[in-house]
Amino acid sequence: MKTWFITGGTSGGFGLAYADAALERGDNVVLTARRPHLLDDWACPHGGRVLVLPLDVTDAQQVREAVRAAEERFGRIDVLVNNAGRGWYGSVEGTTDTDVRQSFELNFFSVTEILRAVLPGMRARGSGWIINMSSVAGLRGVPGFGYYSAAKFAIEGLTEVLRQEVAPFGINVLAVEPGAFRTRAYSAFADETVSETVDAYLPFVEAVRASMVDQNGRQPGDPYRGVQAVVNAMNQDKPPHRLVLGTVGYDAVHGQLEGMIEELRDYEAASRSADFPPAP
């Protein structure tokens, strides 16, 4: 029996889907949320196999306390799912400094804090799984979500390096890149006003917001099917390093990578010309 530590436990999202999948496997679950009381009805039937904890992942002290509570309750954390996060929309030029910093605090720096709190136990045991929930936006930037994309690109780089650093300790690391999934992520945009500081971008940003609101409830991705794909990947003899979820996401990333390869080859001569000439 393993213990999963999952952040971002909101109803209808990936966090709860991971928790249900872990419970179906017979494992224990620690699920964190800013408003844990909203998970009472979900947690009650599972008794002692579930621990719901209050956690603002941007608060380093709360992170350490939550990890300590999880380890005291279940003895260990075997699987860490860094799922908490959200998108901010706005132009690169016109997004407020406050929103930029909040985006990185939530979508990037909180992940590093949780990793630092959980990894010592995994290293000591010589085993573990880390699932970093990235996004298709971490492989292919999305106009209107520049700083969210930047934070997810940072998660991709961090995950790639972390994978290599912790492999000698028996720890596996997977980046998961969902496309458009039917969670409640888009619903919040309907209640948010546009806070764009450069008027020239207002029509564009308003169109981005309207598109998100319009797609809410119609996204093709199913979080529970997505999580099942992740669990299946974890069980492979040779697990993947990253997993794109959803047809829309797959097609977007496939097109992005093909375009990058084509451009790389087109400018191969220019790239190679930048070296010192070979020694005679």
Does any residue of the range 163-184 turn out to be among the acidic types (Asp, Glu) and under 30 Å from Met122 (Cβ atoms)? yes
So, in the range 218-241, exactly how many residues are open to solvent by 40 Å² or more (accessible area, probe 1.4 Å) and either outside any helix (DSSP H, G or I) or in contact with a Pro (Cβ under 8 Å, 6 or more places away or on another chain) (or both)? 9
Sort through Ala269, Ala229 and tell me the only one that's under 21 Å from Trp4 (Cα atoms), at pLDDT 95 or above and of a type in the set (A, V, I, L, M). Ala229
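Rundown of residues vs (1) modelled with pLDDT of 95 or more; (2) surrounded by fewer than 21 Cβ atoms within 10 Å (Cβ to Cβ); (3) among the aromatic types (Phe, Trp, Tyr); (4) more than 28 Å from Glu65 (Cβ to Cβ), yes/no style:
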residue	(1), (2), (3), (4)
Ser91	yes, yes, no, yes
Thr95	yes, no, no, yes
Phe104	yes, yes, yes, no
Val111	yes, no, no, no
Gly121	yes, yes, no, no
Gly126	yes, yes, no, no
Trp129	yes, yes, yes, no
Ala151	yes, no, no, no
Glu156	yes, yes, no, yes
Find all pairs meeting these conditions: Cβ atoms under 9 angstrom apart; at least six residues apart or on different chains; first residue within the range 42-68 and farther than 12 Å from Asn28 by Cβ and open to solvent by 50 Å² or more (accessible area, probe 1.4 Å); second residue hydroxyl-bearing (Ser, Thr, Tyr) and in a helix (DSSP H, G or I). Thr58/Ser110; Asp59/Ser110
Can you find even one residue in the range 167-178 that is open to solvent by 80 Å² or more (accessible area, probe 1.4 Å), among the aromatic types (Phe, Trp, Tyr), out of contact with any strand residue (DSSP E or B) (no Cβ under 9 Å at 6 or more places or on another chain) and modelled with pLDDT of 90 or more? no
For Glu196, state whether it is over 30 Å from Lys238 (Cβ atoms), of a type in the set (Asp, Glu) and not in a helix (DSSP H, G or I). yes
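The values are calculated or read from the model by the stated rules, or taken from the named source; none is laboratory data. In this text, all values refer to a predicted model and were calculated from it rather than measured experimentally. Here the Cβ is made from the backbone with ideal geometry for all residues, glycine too, and neighbour counts use every protein chain on show. Calculation scope for accessible area: heavy atoms of the full protein, side chains included, ligands and nucleic acids excluded. Shrake-Rupley method; radii C 1.70, N 1.55, O 1.52, S 1.80 Å.
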